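See structure below.
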Amino acid sequence: MDYPKILFFGDSITRRANDVDNGCWGSMIESQVNNYFDCDYRGFEGYNTRWALDMMPKLFPKAYLDKVEIVIPFYGHNDSWASDNPLSIPVDEFEKNYREIIKYFFDNGIDKSKIIMITPTWFHLESFLEYLKTLGMPPLGKTYESAAQYADVVTRIAKEHDIELLDMFALSHKYEPLKDLFCDGVHYSRNGAKLMFDNLFPIIKRKIEARYNKPLDDIRHAVSWDQRPEVIAALEARAMAQKKE
């Protein structure tokens, strides 16, 4: 028996969700739910919504999504770079792609109540430019006004479909000092990870409890003890050992 899943689908911020040194927001969430749910992280360094959309049929067949309790798409950081960045996606295409991402989940049985959308986090320009310099890369950037358009797209799609929204763009832009949210100007530091966890986990917890109609601490009983994978394996091993006796 498979445990029900919480699916995180995004770019490098999602990929680094379990980074023990910095962006460990995924680890913090997992520590609260991993007795009851598997957390699957599908994060891809440098990816935008165009490439994400192309991958979805292979990554998420319906048979897989049937096991998913919560889906958390988290894109827009790379799409919203200035147009001279090869990762950049025009805002109109970003909206089209994101709508298709949500539609794919809908078409494969994911109800709107199972989705949490997150606006892309803001960044700290000076720290990021210094980080790029250490990598030998040319300067890159984005303006607040431009990035806000991408955050607005995510907000608009969420509102149109009555999907729960976490506005990390607003939360991060208001944070002081902004630099402390990041380890390199873009990816989360421990402070950034905590900001994400403190705001995302309560939404996850509320959705899980509504789905199972019981407190999170009691949901371990939603899976009978003798149906837990590790128990099944132990019982099978014991039965085989007894046959050999």
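Taken together, the values in this text are just the output of simple stated rules run on the coordinates, not laboratory data. None of these values were measured; they are calculated from a predicted model. When we count neighbours, we look across all protein chains shown, and the Cβ atoms used for this are built from the backbone with ideal geometry, even at glycine.
How many angstrom separate the Cα center of region 40-105 from the Cα center of region 160-213?
18 Å
With θ taken as phi - 60° and the coefficients 6.51, -1.76 and 1.60, list the Karplus ³J(HN,Hα) couplings across region 47-58 in order, rounded to whole Hz; mark glycine and proline as x.
7, 10, 5, 5, 6, 4, 4, 4, 7, 4, x, 7
Which ³J(HN,Hα) values in Hz, rounded to whole numbers, follow from the phi angles of region 163-173 under the Karplus curve 6.51 cos²θ - 1.76 cosθ + 1.60, where θ = phi - 60° and Gly and Pro get x?
Taking θ as phi minus 60°, the curve returns 9, 4, 10, 10, 8, 5, 4, 5, 4, 6, 5 Hz for region 163-173.
In whole Hz, with x marking every Gly and Pro, tabulate ³J(HN,Hα) for region 101-112 from phi via Karplus 6.51 cos²θ - 1.76 cosθ + 1.60, θ = phi - 60°.
Karplus values, whole Hz, x for Gly and Pro: 4, 5, 4, 4, 5, 4, 5, 10, x, 8, 6, 4.
Give me the number: length gained by fully extending K133 to E176, i.e. 0.36 nm times residue separation minus the C-alpha to C-alpha distance, one decimal in nm.
In short, 13.0 nm is gained.
Output the peptides 21-33, 113-125 sorted from most to least packed, where packing is the average of other Cβ atoms within 10 Å over each peptide's residues.
Working: 21-33: 19.4, 113-125: 22.1.
With the highest mean Cβ count within 10 Å placed first, the list reads 113-125, 21-33.
Run lengths n ≥ 4 of DSSP H only: what is the helix-derived mean residue ellipticity at 222 nm for the chain, with -39500 (n - 2.57) per run over all residues, to the nearest 500?
That comes out to -15000 deg cm²/dmol.
Out of residues 5 or more away from W122 or on other chains, whose amide H comes under 5 Å of its own, with H placed 1.01 Å from N in the peptide plane?
It is S172, H173, by chain and number.
What is the set of long-range amide H partners of V68 at a cut-off below 5 Å, with H atoms built 1.01 Å from backbone N?
K5
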